[in-house]
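J.: Below are the structure tokens for one structure; questions will follow.
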Amino acid sequence: MIDHDGPTDHGQSDPLNPKSREPNFIPPTADPAFLLHLPGGIEKHFDLPDLQEYPRSSISDCYIVSTGHSSSGPFVFSGVALIDFIDLNLGSGSEWNQVEVISADDFGVRISFRELVDPDPAGPITIADARDGILLTRSLGLFRLIVPSERDDAIRQVKWIRKIRVLDG
Ligand SMILES: Nc1nc2c(c(=O)[nH]1)N[C@H]1C(S)=C(S)[C@@H](COP(=O)(O)O)O[C@H]1N2
Ligand SMILES: [Mo]
């Protein structure tokens, strides 16, 4: 088990402050569907065909810099930019504060509104369903969060998204 003591730079932007960890490699469940929780108790269910109706975005030169095995990449990940996904469900211009992305194996990250509206030059944080133009398998993390700015670790590249929760407080 690799566990770094003390804060990482992720602590600045991510209040869940994930630490380096040994990744899981076995999909915890077979079903890639996830739930979107919006402020006000609204809940929506998303499966692969639902997500494919959204505007697509593609990010090249992505690496998964793993601590548990060798790093991989560069890849082109594609899917739906998280900001577009939230805007199209909540209404663009809606006020919200943070979004939590939680996996089926209870791994998660929290991303601030600011981080999404002012994306890193490396590319927008994306709910990916494809890698190098080929549909992700469940083993490869479908649906997987891609955080292009994360270059020295992969703890925010959440595989097997089960829940996306938008927080307004
Ligand atoms: N759901 C989930 N996502 C996860 C993890 C995990 O254990 N569960 N581990 C993270 C870590 S620590 C790493 S290094 C990468 C590994 O990604 P890979 O399997 O594509 O190499 O996944 C990240 N995303
Ligand atoms: Mo990792």
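The values are calculated or read from the model by the stated rules, or taken from the named source; none is laboratory data. These figures come from a predicted structure and were not determined experimentally. Here the Cβ positions follow ideal geometry from the backbone for every residue, glycine too, while neighbour counts run over all protein chains shown. The accessibility values were calculated without ligands, DNA or RNA, using every heavy atom of the protein model including side chains. Shrake-Rupley method; radii C 1.70, N 1.55, O 1.52, S 1.80 Å.
J.: Specify, per residue and in Å³, the volume enclosed by the convex hull of the alpha carbon atoms belonging to the stretch 118-161.
T.: Convex hull of Cα atoms, per residue: 80 Å³.
J.: Using a 1.4 Å probe over the heavy atoms of the protein chains, calculate the carbon and sulfur portion of the accessible area of the chain as a whole percent.
T.: Result for the chain: 50 percent of the exposed heavy-atom area is carbon or sulfur.
J.: Next up: Suppose every K and R has +1 on its Cβ and every D and E has -1 on its Cβ; what is the size of the dipole of the chain about the Cα centre, in Debye to the nearest 20?
T.: Dipole about the Cα centre, nearest 20: 300 debye.
J.: Under 15 Å from the Cβ of Pro49, count the other residues' Cβ atoms, weight Lys and Arg +1, Asp and Glu -1, and hand me the total.
T.: So the surrounding residues net to -3.
J.: Provide the three semi-axes, in whole Å and in decreasing order, of the ellipsoid equivalent to the chain as defined by the square roots of 5 times the Cα gyration tensor eigenvalues.
T.: Whole-Å semi-axes of the equivalent ellipsoid: 22, 19, 16.
J.: With every protein chain kept in place and ligands, DNA and RNA left out, what is the accessible area per residue of the chain? Probe 1.4 Å, answer in Å².
T.: Using a 1.4 Å probe on heavy atoms only, each residue of the chain averages 49 Å².
J.: What number, rounded to the nearest 500 deg cm²/dmol, is the helix-based mean residue ellipticity at 222 nm of the chain, given -39500 (n - 2.57) per DSSP H run of at least four residues and division by all its residues?
T.: -2500 deg cm²/dmol
J.: Using +1 at the C-beta of Lys and Arg and -1 at the C-beta of Asp and Glu, which of Ala122, Ile83, Pro27 has the Cα lying farthest in the positive direction of the dipole of the chain?
T.: Going by the Cα projections, it comes out as Pro27.
J.: Let me ask you something else. Kindly write out, for the stretch 65-70 in residue order, the coupling ³J(HN,Hα) from the Karplus curve 6.51 cos²θ - 1.76 cosθ + 1.60 (θ = phi - 60°), rounded to whole Hz, with x marking Gly and Pro.
T.: Going residue by residue, I get 8, 7, 9, x, 7, 5 Hz, with x marking Gly and Pro.
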